[in-house]
Amino acid sequence: MSEQVKRFIRVDHAGEYGAARIYAGQIAVLGRGPHAAQLEHMKAQEQVHLDAFSDLIAKRRVRPTALLPFWHVAGFALGAVTAALGPKAAMACTVAVENAINEHYTAQRDALAGDEAALRETVEQFRQEELEHRDIALAEGAEQAPGYRVLTGLIGAGCRAAIRLSEII
């Protein structure tokens, strides 16, 4: 297994872990409201993704990122804070995160070939589900969140930084 594939598995595990924590934070704030079912649906899909990458971490003996404790807190905080700003801000967070993940998974999908066809298929399937989350968030009025462009810009930049850090640390 190449070092590149190890980095892919490490960062994808970290990203799915962070995503599950973001939804946990959003559910903690909005879990009794009209968006609860959608948030639970998206969190359940993220858990499936996390479980798949947790299995790959174990089976392929890939070192997980040392930043998991930080992502545990940061992910929940991001979800809770954006949800506290209101449902549209929580949906804006989802748009920002899923756009960053789409770019990330697209690059991985395009880089994987040959004996990594199964991993490539997994990445593509999960990418499609992340796009579904983004589309749900857009349909729920994410773009109407106050400061949408600033909020999504900051969150997207944070996601890209988290991806880079989790690949190597």
Q | Residue match in the range 21-36 (condition: among the aromatic types (Phe, Trp, Tyr), under 18 Å from Asn102 (Cα atoms), crowded, with 19+ Cβ neighbours inside 10 Å and at pLDDT 95 or above) | A | yes
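Rundown of residues vs (1) more than 28 Å from Glu3 (Cα to Cα); (2) basic (Lys, Arg); (3) assigned to a loop (DSSP other than H, G, I, E, B); (4) touching a residue at least 60 places away in the same chain (Cβ under 8 Å), yes/no style:
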position	(1), (2), (3), (4)
Asn102	no, no, no, no
Asp110	no, no, no, no
Gly153	yes, no, no, no
Cys159	no, no, no, yes
Q) Can you tell me how many residues in the range 49-61 are touching a His at 6+ places or on another chain (Cβ under 8 Å) and either without any contact (Cβ under 8 Å) to a residue 60 or more places away in the chain or over 19 Å from Gln4 (Cβ atoms) (or both)? A) 4
Q.
Let me spell it out: the conditions are (1) free of Cβ contacts under 8 Å to residues at least 24 places away in the same chain; (2) within 28 Å of Ala66 (Cα to Cα), and Arg149 meets all of them except one. Which number is the exception?
A. (2)
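Filtering the range 151-169 down to residues that are more than 15 Å from Asn99 (Cβ to Cβ) and of a type in the set (A, V, I, L, M, F, W, C), which residue is surrounded by the most Cβ atoms within 10 Å (Cβ to Cβ)? First the steps, then the outcome.
Pass one, the range 151-169, residues more than 15 Å from Asn99 (Cβ to Cβ): 164-169.
Keeping just the survivors that are of a type in the set (A, V, I, L, M, F, W, C) gives 165, 168-169.
Numbers: Leu165: 16, Ile168: 11, Ile169: 11.
In this case the residue turns out to be Leu165.
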Q. Given Pro64, Pro87, which one is more than 23 Å from Gly33 (Cα to Cα) and surrounded by 16 or more Cβ atoms within 10 Å (Cβ to Cβ)?
A. Pro64
**Q.** Sole exception among (1) assigned to a helix (DSSP H, G or I); (2) modelled with pLDDT of 95 or more for Asp115, by number
**A.** (2)
Q) Only one of Ala96, Ala100, Ala107 is crowded, with 24+ Cβ neighbours inside 10 Å and at pLDDT 95 or above; which? A) Ala96
Q: Kindly provide the set of residues from the range 54-89 that are assigned to a helix (DSSP H, G or I) and touching a Phe, Trp or Tyr at 6+ places or on another chain (Cβ under 9 Å), ordered by number.
A: Ser54, Leu68, Trp71, His72, Gly75, Gly79, Lys88, Ala89
Q. Within the bounds of the range 27-40, is there any residue that is of a type in the set (Lys, Arg) and assigned to a helix (DSSP H, G or I)?
A. no
Q. Taking Gln4, is it farther than 20 Å from Ala77 by Cβ and in a helix (DSSP H, G or I)?
A. yes
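The values are calculated or read from the model by the stated rules, or taken from the named source; none is laboratory data. Here the structure is a predicted model, which is why all the values come from computation and not from measurement. Positions of Cβ are backbone-derived with ideal geometry, glycine not excepted, and every protein chain shown enters the neighbour counts.
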